[in-house]
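Notes follow once the structure below has been shown.
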Amino acid sequence: MKFPARIAFATALLVGSLALVPAAAQNVTVVVNGQVMSFDQAPVMVNNRVFVPMRAIFERLGSTVSYSNGNINAQGNGRSVHLAIGSLNASVNGNPLTMDVAPFLVNGRTEVPLRFVAQALGANVNWNGNTSTVYIGTSGSSNTSTPQPYATQTPSYQSFYLNNEHPVNGGTVNTTHPKIHATFSQPVDLNSLHVSVDGNDVTSLVYTNASGFDVTPGFALNPGNHNVTVSGTTSNGSPFNTGWSFYTSNTASGAAQNYIVNVSPAPNTRTGSSFTLSGRTLPNSKIHIVATGTSTIGGLFQVGTGTFQSDVTADSNGYFNVPISLNVLGGGQIRVILTSVSPNGASVENQVVYGV
C-alpha cells in the first residue's frame, strides 16, 4: 500500500471510530413485552436512531437470522426481512424500502436499527425520550400488562402502543380503499385522537371507542408504501405519537372492488330497538357492524343510549345477517356503520340510519 493510501485508510478508520464512540455512551434501555432486554454489547444511538446487536433483537422477536458477506436475512412471524451493512436499501416480504440509517459493524458486531427491525417484524415501538427507553410490544404476546418501568421513571408512567393493526404492519393489501383498524394498549382521550394516512388527516372519518378505531380513507391509495400516524393523549394525560406502515400492491387498481347492497331493513325506515340487519357483499368478506342509538328527551334533547358492535362473515354467496339490539326509546334513532373487507383486502364502508 502506498504511503498516501495508508494515510487515507487510517484517517477513515479514525473518523469512523470517533463517530461511534459518543453513540456507544448513550444509556438506552430496551423493553419487549414488559421485559427489559440485556445485551452483551450495549445499544448505541446514531443520528437519533437506536442500534442494537443483530442476533439478540431478531431472536427476541421470534425470528431466525443469518449473516453473510454483509447481507442480513431474517425470517419470522410470517415475514422476511433483508438488510445490508452500510446500505440504506432494505426489503420486507420482497417490498423494497429505503431507511434513513444503515446497519454497521462495531467491535466486530453487526448493529441494526431497532425501530425498523421491530416494525418490520410486526411489533409496535414507542420511545420515551425522558428515560431513553424503547418499548416494544408484539401482537402475538399474551402479556398485555403495562411494560415494566425504567428505574428513573415515575410509577404512573405507562407506555402506549397499538395492537391488531389492519392492514398488518409491513403487510400488503390488494385494494385502493383499505379498512384501517387498530386497538389501543390503554384507554385514550377520544377527543384528542388524530389519525392521518400519508400525511392526510382522516380524523373526521374515524369511528373510535375506548378499545380502538376504524377508518376507511375517503381517497384512493396508489400502489406502494403507506404510513398511518396515530397521535393524542392517554386518559391519564400522557402524549403518544405512533403508527405503522403497509403496502398496496400493483394489482390493487385491478382487484375486485367490494360493495354492500340489498341492506334490509331499508335505510331511513322505522324499526324497533331490536331487529335483524342483513345484506350482501363480496363472498366470504368480514363485516364489522357498529350501531349507535340516540333517544330524544322531552322533544328537545338527544342523549346516547349505547353502542352495539358485532363481527360476522358473509357466506360463499356474500349474504350476511346480524341481530342488533339497543335500548332506544320511541322517536329515537339508530345509526349503523357497516365495514366489509373481502379476502383480497378490498374494503368498503356504508352507513344507514333508522328511526325507532
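Structure summary
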item	result
Selection count, the range 184-241, where residues are in a loop (DSSP other than H, G, I, E, B) and aromatic (F, W, Y)	1
Qualifying positions in the range 326-356 - among the small types (G, A, S), in a loop (DSSP other than H, G, I, E, B) and more than 15 Å from V312 (Cβ to Cβ)	G330, G331, G332, G345, A346
Members of the range 77-122 that are of a type in the set (S, T, N, Q) and under 16 Å from the mean Cα position of the chain (by Cα)	N77, Q119
Failed criterion for V230 (all others in (1) more than 27 Å from M99 (Cβ to Cβ); (2) in contact (Cβ under 8 Å) with a residue 60 or more places away in the chain; (3) outside the structural domain of V322 (by TED's automatic domain parsing); (4) not aromatic (F, W, Y) hold)	(1)
Given (1) buried (at least 17 other Cβ atoms within 10 Å of the Cβ); (2) over 14 Å from V30 (Cα atoms); (3) of a type in the set (S, T, N, Q), index of the condition N126 fails	(2)
Matching entry among N191, N225 (being out of contact with any helix residue (DSSP H, G or I) (no Cβ under 8 Å at 6 or more places or on another chain) and over 30 Å from S295 (Cβ atoms))	N225
Residue that is modelled with the highest pLDDT, among those in the range 250-263 that are surrounded by fewer than 14 Cβ atoms within 10 Å (Cβ to Cβ) and touching a strand residue (DSSP E or B) at 6+ places or on another chain (Cβ under 7 Å)	N262
Qualifying residues in the range 82-110 (those that are assigned to a loop (DSSP other than H, G, I, E, B) and on the phi < 0 side of the Ramachandran plot) - the one surrounded by the most Cβ atoms within 10 Å (Cβ to Cβ)	P103
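The values are calculated or read from the model by the stated rules, or taken from the named source; none is laboratory data. Quick caveat, the model's predicted, so the values are computed rather than measured. Here the Cβ is made from the backbone with ideal geometry for all residues, glycine too, and neighbour counts use every protein chain on show.
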